[in-house]
Amino acid sequence: MKLLVLSGGRHPYEESTPILNQFLKDAGHQVTVTEDASILSDAGQMSGFDSIVFNTRRENLPDFQPLAFNDAERQGITNYISNGGGFVCIHISTCVTDTWPEYHDITGGGWITGTSFHPPYGKFTVKVSDDSHAGVQGVSDFETDDELYMGLALKDGNDVFITGDSEDGTHPWGPDRNPMFMPGGTFPLGWTRTYGSGKVFVLLLGHDGESFKSPSFQKLVLNGVDIVNS
């Protein structure tokens, strides 16, 4: 498959994207990596890709305003997926901005800055919640070093295939690292959905290079590429 990987933003993408690029290529895919989102507004160029993979954080925060999608790029993403292009969305790439709430109609929900949260980065178990789902082909429950997202916006129509459990706890959070109570429970970590004629694969794992080194994580991403191109 010919894949466009969009990287860049407020996360350690200098660690994770090279690993992503390599294991996608090792699986036989042709990969183009860029941090320049303007390609998304060029329908001619986009028609040359089978699917897009987002490993990026783009929101209209003051320090990252230049990375926020502009109107043409937002429309390009929407058109590409709704017209049948595949979309793999990793970790905080689901982050919505207050200028584009409709993005969560594509992703099925995800991170909202100021609302979503997670316990400290660390080891936890990823559980297969639907072993018949193509997303977990060749994957069983596994431990990983990552972030377990909570307080997400979630839409109807998501077919969840992996989850993570957490107990009640109080953890430092926010710019000032103030104590915050985080309720426990079972939280979705991956799902598929459709948007128009396009197929969407969301994987909330993948904070940094260590997370991307997990063989199970890599298999999930590769499954996702197969799914959105099937």
Have a look at the DSSP beta bridges in region 2-228 and tell me what percent are antiparallel, nearest 5. 60 percent
I want to verify a result. In a Gaussian network model of the chain, Cα cutoff 10 Å, which of these has the top mean-square fluctuation: Thr170, Thr107, Thr144? Thr170
Check each of the GluC sites (Glu not before Pro) in region 20-110 and keep only those in coil by DSSP with at most 15 other C-beta atoms within 10 angstrom; list them in order. Glu35, Glu102
Taking the alpha-carbon centroid of each part, what is the distance from region 172-230 to region 1-55 in angstrom? 17 Å
When the chain is treated as a GNM, springs tying every alpha-carbon pair under 10 Å, which of Met150, Met46, Met180 comes out with the largest mean-square fluctuation? Met180
Long-range amide H contacts for Gly206: which residues qualify at under 5 Å (H placed 1.01 Å from N, peptide plane, sequence gap of 5 or more or a different chain)? Glu147
Net charge near Ile92, counting Lys/Arg +1 and Asp/Glu -1 over other residues with Cβ under 12 Å of its Cβ? -1
Hey, can you grab everything whose amide H is under 5 Å from the amide H of Arg57? Only 5+ residues off in sequence or another chain; H modelled, so Pro and N-termini drop out. Gly8, Gly9, Arg10
Restricting to Cα pairs under 8 Å and 6 or more apart, the percent relative contact order of region 74-230 works out to 30 percent
Go through Lys155/Lys199; Lys2/Lys127; Lys123/Lys199 and tell me which ones have a Cα-Cα distance over 21 Å in this structure. Lys2/Lys127; Lys123/Lys199
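Which value at 222 nm does the chain reach when only helices count, each DSSP H run of 4 or more adding -39,500 (n - 2.57), with the total divided by all residues and rounded to the nearest 500 deg cm²/dmol? Mind dumping the intermediate values first?
Numbers: 6 runs with 53 residues, N = 230.
Calculated at 222 nm, the ellipticity per residue is -6500 deg cm²/dmol.
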Check which residues have an amide H placed less than 5 Å from Gly109's amide H, if you skip close sequence neighbours. Lys155
Relative contact order as a percentage, region 132-208, C-alpha pairs under 8 Å and 6+ apart, gives 30 percent
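Please report Rg over Rh for the chain, where both radii come from the alpha carbon positions and Rh follows the Kirkwood definition.
Taking Rh as the inverse mean 1/r over Cα pairs, Rg/Rh reads 0.94.
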Inverse of mean 1/r across different Cα pairs in region 1-117, Kirkwood, Å: 14.5 Å
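Any read-out appearing in this document is the output of simple, stated calculations on the displayed coordinates, not a laboratory observation. Fair warning: this is a prediction, and the values are worked out from it, not measured in the lab. Glycine also receives a Cβ, built like all others from the backbone with ideal geometry; neighbour counts cover every protein chain displayed.
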